[in-house]
Amino acid sequence: MEKASYQGIPGILRPFKEYIEQRVLSEGSEIVFYGVPGTCTPFVELLSYAIRSVPCRFIFVPLLDEEKAHELTFKPGIGFQSTDLRPPTHPAVLVIMGGLAMPGIPVDAGSVCNLLNRWKGTATIGVCFMHMFRKAGWLDTMSFDLLIDAEISVETEKK
């Protein structure tokens, strides 16, 4: 497995964009993001923005409920926004967000493995923060074609 280190938001977006662009996806291909509503959606919108020039459909699935999936549409001057209901039909890439592995979220590794098996042969990307997939033990039962595991460091100043 090839490892590399990056910094900041570009360090999350650049390897994601490079991986997607190398896949040379046909127009209308589906890139499907699975994540926690509210906490994962801003990151999904940011990841979608990074690949906005790719002629694909972007779909966000809340948790693993594909019947509640929505297409993400680019709005000039705003960014990506959730629009019409659109369950995935033929994903080219599955993006599993680390929020799904957080304690208290009603998703387990077995359910995600079943999802990956159902879409077998589809490229998979994992995006998490603070080693969430590893901490939850998910990497013992699944692997990703690309894993982006970012660290968050916070400083505050207050007057």
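The values are calculated or read from the model by the stated rules, or taken from the named source; none is laboratory data. Computed from a predicted structure; not experimentally measured. Heads up, the Cβs are rebuilt from the backbone with ideal geometry, glycines too, and the neighbour counts pull from every protein chain shown.
Before moving on, here are some points about what is shown:
- Qualifying positions in region 132-159 - loosely packed, with under 14 Cβ neighbours inside 10 Å and either of a type in the set (Gly, Ala, Ser) or in contact with an Asp or Glu (Cβ under 6 Å, 6 or more places away or on another chain) (or both): Gly137, Ser143, Ser153
- Every residue from region 115-144 that is assigned to a helix (DSSP H, G or I), within 15 Å of the chain's Cα centre (by Cα) and of a type in the set (A, V, I, L, M): Leu115, Leu116, Met132
- Close pairs (8 angstrom Cβ cut-off, 6 or more residues apart or separate chains): under 11 Å from Pro37 (Cα atoms) in region 57-69, of a type in the set (S, T, N, Q) and part of a strand (DSSP E or B) anywhere: Phe60/Ser82
- The set of residues in region 34-49 being surrounded by fewer than 17 Cβ atoms within 10 Å (Cβ to Cβ) and aliphatic (A, V, I, L, M) consists of Leu46 alone.
- Residues that are of a type outside the set (Lys, Arg) and free of Cβ contacts under 8 Å to residues at least 24 places away in the same chain were ranked within region 109-129; the one that is nearest to Val93 (Cα to Cα) is Gly121.
- Leading residue by the ranking (farthest from Leu13 (Cα to Cα)) among those in region 45-69 that are of a type in the set (Phe, Trp, Tyr) and in a strand (DSSP E or B): Phe60
- Unique match (being more than 16 Å from the chain's Cα centre (by Cα) and under 19 Å from Arg134 (Cα atoms)) among Glu2, Glu67, Glu27: Glu2
- Screening the candidates Val93, Val112 for the property of being within 21 Å of Arg23 (Cα to Cα), outside any loop (DSSP other than H, G, I, E, B) and modelled with pLDDT of 95 or more yields one hit, Val93.
- Thr83 vs. criteria of a type in the set (Ser, Thr, Tyr) and either under 16 Å from the mean Cα position of the chain (by Cα) or in a loop (DSSP other than H, G, I, E, B) (or both): no
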